[in-house]
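The values are calculated or read from the model by the stated rules, or taken from the named source; none is laboratory data. Computed from a predicted model, the values in this text were never measured in an experiment. Quick reminder, even Gly has a Cβ in these numbers, built from the backbone with ideal geometry, and neighbours come from all protein chains shown. What goes into the accessible areas is simple: the full protein's heavy atoms, side chains included, and nothing from ligands, DNA or RNA. Shrake-Rupley method; radii C 1.70, N 1.55, O 1.52, S 1.80 Å.
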Amino acid sequence: MLLVMEMTPDRWSYTGEYLREVFGACDSHLANLMEEGVARGLPDIAVSPDVGRLLMILTSMTRAECAVELGTLGGFSAIWIARGLKPNGRLITVEPVDLHADFAEEQFARAGVAEKVKVRRGFALDVLPKLVAELGPASVDVLFFDAIKTEYPKYFELARPLLRSGGLLIADNVLGAGSWWIDAENNPHRQGADTLNRMVSADPDFEAVAVPLREGVLIAKRL
Ligand SMILES: C[S@@+](CC[C@H](N)C(=O)[O-])C[C@H]1O[C@@H](n2cnc3c(N)ncnc32)[C@H](O)[C@@H]1O
């Protein structure tokens, strides 16, 4: 807690700029994807390229054949995950907003990953129990949470049975940089992320850590 208090928004933003400068390269499609998305009415809230690269590396390190993402937006993070999958791998990405899902599907085709990535239209809390029934326990190699922060603890409860031993749970915004310091006690998004961090950290079936890329990424390996 003390360390968090000593980190200032200026220091955080300097560190973030450095990480993006050194580790944030991406191809021209990905570099322009969110600009095109914003022009089409999407909010500018995708992960940064350095987080995308982390997703790709982690997905490939688990030799993932099946990944599930909550929160597609324009498909930016999904394309990084898809690039980390094994050749026969697939990603199911969950998104309730048609404008976002339609745009993302166009991007998957442009990126050449349309065969691997399927958008499941709906709310994560409705879709997750269906995925558990359809895919079965321990069937997923990578889970990525990036939808509603206040729902993160519930996502963990629902999605936990899906994750195989050795698989990774990854969650974005778990150090909520833009809001971490501001009215922390009354910020439900911060509390959702904090509850998830503590749930996963205390779970004897997981080994977890968070890294301060962009707004913080939780990485938890199922033992
Ligand atoms: C932060 S954005 C996702 C960004 C995306 N992962 C990326 O980095 O490219 C969050 C997305 O979650 C979607 N969303 C909102 N409510 C949701 C819900 N209940 N279940 C799943 N997704 C939801 C939003 O429409 C939005 O597209």
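In order along region 212-217, the phi-based Karplus estimate (6.51 cos²θ - 1.76 cosθ + 1.60, θ = phi - 60°) of 3J(HN,Hα) comes to x, 7, 6, 9, x, 10 Hz; Gly and Pro are listed as x.
The accessible surface of the chain, taken with every protein chain in place and a 1.4 Å probe, is 57 percent carbon and sulfur. The dipole here belongs to region 52-156: it is taken about the Cα centre, uses +1 on the Cβ of Lys and Arg and -1 on the Cβ of Asp and Glu, and is about 320 debye.
Distances over 20 Å make up what percent of all Cα-Cα pairs in region 48-139? Of all Cα-Cα distances in region 48-139, 32 percent exceed 20 Å.
Computed FRET efficiency, Cβ-Cβ of Arg11 and Lys130, R0 41 Å: what is it to the nearest 0.05? The pair Arg11/Lys130 has a calculated efficiency of 0.45. Rounded to whole numbers, the Karplus 3J(HN,Hα) couplings from phi for region 148-156 are 8, 5, 5, 8, 3, x, 5, 4, 4 Hz, using 6.51 cos²θ - 1.76 cosθ + 1.60 with θ = phi - 60°, and x at Gly and Pro. When the convex hull of its Cα atoms is viewed from all sides, the chain shows a mean projected area of 11.7 nm². Each Cα pair under 8 Å and six or more residues apart adds its separation to the average, and for the chain the resulting relative contact order is 17 percent. Between Phe23 and Ser60, the simple spin-label model (points 7 angstrom out along Cα→Cβ) gives 1.5 nm.
Remark: the Val38-Lys154 segment gains 38.8 nm on full extension, using 0.36 nm per residue and subtracting the alpha carbon distance.
Probing with 1.4 Å while keeping every protein chain in the model, the per residue accessible area of region 74-212 equals 43 Å². Of the Cα atoms belonging to region 111-223, the radius of gyration and Dmax stand at 14.5, 44 Å. Annotation for region 35-135: GluC sites (Glu not before Pro) lying in DSSP loop with at most 11 further Cβ atoms inside 10 Å of their Cβ are Glu115. Taking the convex hull of the alpha carbon positions in region 67-118 and averaging its projected area over all directions gives 2.9 nm².
Between amide H atoms placed 1.01 Å from N, distances below 5 Å from Val68 occur with Ile92, Val142, Leu143, Phe144, all of them 5 or more places distant or on a separate chain. Sorting 91-100, 54-63 by their mean Cβ neighbour count within 10 Å, with the most densely packed peptide first, gives 91-100, 54-63. For Val117, the residues 5 or more places off, or on other chains, whose built amide H falls under 5 Å of its own are Leu91. In order along region 190-197, phi translates into HN-Hα couplings of 4, 5, x, 5, 4, 4, 4, 3 Hz, rounded to whole numbers, per the Karplus curve 6.51 cos²θ - 1.76 cosθ + 1.60 with θ = phi - 60° and x for Gly and Pro.
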